[in-house]
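Accompanying notes for the structure given below.
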Amino acid sequence: GAVVSQHPSWVICKSGTSVKIECRSLDFQATTMFWYRQFPKQSLMLMATSNEGSKATYEQGVEKDKFLINHASLTLSTLTVTSAHPEDSSFYICSARDRPTYTQYFGPGTRLTVL
Amino acid sequence: GEDVEQSLFLSVREGDSSVINCTYTDSSSTYLYWYKQEPGAGLQLLTYIFSNMDMKQDQRLTVLLNKKDKHLSLRIADTQTGDSAIYFCAESITAAGNKLTFGGGTRVLVKP
């Protein structure tokens, strides 16, 4: 149980385009999902907390107009990187929180490369 | 404040025990977690311990928590080559909405 999927697993795009990443909890409902960013050989940096049916809460320094988050259902959250630039290239990981235990289960990550 | 620290690297021989250490500063931590990350993959939850526990054992994994010293450790018995990965400890604080604060990760290399 407690499986979280992400799609796509990797994406390459041109500078200036927008990219949408999906995060799904497959066998449980998640009112809260989290989006992280990880640079090579570094730890995870929390970008935002996504709450079903309400606006996301962004961490300090994260541009909410650039990283659009939508959590339209209890099993799906999306992150859209708008007008992507090479500095947005990174490994993006989502997690979904299992409400009874507050444990976060992580997706496999999406590697974004912006040319 | 929230700060979680780990040593960067651990080398161990196959069959030996590995001990990965973690220190944290926020005494109001509710849960403490250990995650494993293999190259190019997401994080796999290995185990977690509630802050009112001292020890938790799960097959080859033993978690020890010293609340007084704010020290958490993960012991892997009979370490295998498949255990080579980066291990992250993380703390969760109820008052902070149960967001996770991660340590920098410990890279474990298991040598045959």
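The values are calculated or read from the model by the stated rules, or taken from the named source; none is laboratory data. Everything numeric in this text was worked out from a predicted model, so none of it was measured. So basically every Cβ, Gly included, is an ideal-geometry build from the backbone, and we count neighbours across all protein chains shown. For accessibility, only protein heavy atoms count, side chains too; no ligands or nucleic acids. Shrake-Rupley method; radii C 1.70, N 1.55, O 1.52, S 1.80 Å.
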* Asked: open to solvent by 20 Å² or more (accessible area, probe 1.4 Å), more than 13 Å from the chain's Cα centre (by Cα) and modelled with pLDDT of 90 or more - does that describe any residue in region A:17-24?
  -> yes
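So which residues in region A:89-113 are more than 24 Å from residue B:90 (Cα to Cα) and open to solvent by 10 Å² or more (accessible area, probe 1.4 Å)?
Answer for region A:89-113, where residues must be more than 24 Å from residue B:90 (Cα to Cα) and open to solvent by 10 Å² or more (accessible area, probe 1.4 Å): A:89, A:113.
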* With the checklist (1) open to solvent by 20 Å² or more (accessible area, probe 1.4 Å); (2) touching a residue at least 24 places away in the same chain (Cβ under 8 Å) in hand, flag the one item residue B:68 doesn't pass. => (2)
* Structure fact -> Note on region A:72-115: residues away from chain B (no Cβ under 13 Å) and among the charged types (D, E, K, R) are A:87, A:88
* Looking at residue A:29, is it more than 19 Å from residue B:37 (Cα to Cα) and either polar (S, T, N, Q) or out of contact with any Leu (no Cβ under 8 Å at 6 or more places or on another chain) (or both)? -> yes
* To do: Within region B:2-12, track down each residue that is in a loop (DSSP other than H, G, I, E, B) and surrounded by 13 or more Cβ atoms within 10 Å (Cβ to Cβ).
  => B:2, B:7
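Would it be correct to say that residue A:52 is closer than 25 Å to residue B:44 by Cβ and more than 12 Å from chain B (Cβ to nearest Cβ)?
When the stated conditions are applied, residue A:52 passes them.
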* If residue A:34 satisfies every condition in (1) of a type outside the set (Val, Ile, Thr); (2) assigned to a strand (DSSP E or B); (3) free of Cβ contacts under 8 Å to residues at least 24 places away in the same chain; (4) surrounded by 13 or more Cβ atoms within 10 Å (Cβ to Cβ) but one, which is the exception? -> (3)
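Checking the conditions here, which among B:100, B:74 is in contact with a strand residue (DSSP E or B) (Cβ under 6 Å, 6 or more places away or on another chain), more than 10 Å from chain A (Cβ to nearest Cβ) and of a type in the set (A, V, I, L, M)? Reasoning before the result, please.
Numbers: B:100 fails: more than 10 Å from chain A (Cβ to nearest Cβ).
Of B:100, B:74, the one residue that is in contact with a strand residue (DSSP E or B) (Cβ under 6 Å, 6 or more places away or on another chain), more than 10 Å from chain A (Cβ to nearest Cβ) and of a type in the set (A, V, I, L, M) is B:74.
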* Within the bounds of region B:27-36, is there any residue that is among the hydrophobic types (A, V, I, L, M, F, W, C) and closer than 23 Å to residue A:38 by Cα? -> yes
* Asked: Any idea which of A:42, A:60 is assigned to a loop (DSSP other than H, G, I, E, B), without any contact (Cβ under 8 Å) to a residue 40 or more places away in the chain and either in contact with a Gly (Cβ under 8 Å, 6 or more places away or on another chain) or open to solvent by less than 40 Å² (accessible area, probe 1.4 Å) (or both)?
  -> A:42
* To do: Among the residues of region B:28-65, write down those that are among the basic types (Lys, Arg) and open to solvent by less than 50 Å² (accessible area, probe 1.4 Å).
  => B:36
* State the number of residues belonging to region B:13-40 that are within 12 Å of chain A (Cβ to nearest Cβ), over 16 Å from residue B:83 (Cβ atoms) and not in a strand (DSSP E or B). => 2
* Asked: Given the conditions (1) free of Cβ contacts under 8 Å to residues at least 40 places away in the same chain; (2) open to solvent by 60 Å² or more (accessible area, probe 1.4 Å), and given that residue B:107 satisfies all but one, which numbered condition is not satisfied?
  -> (1)
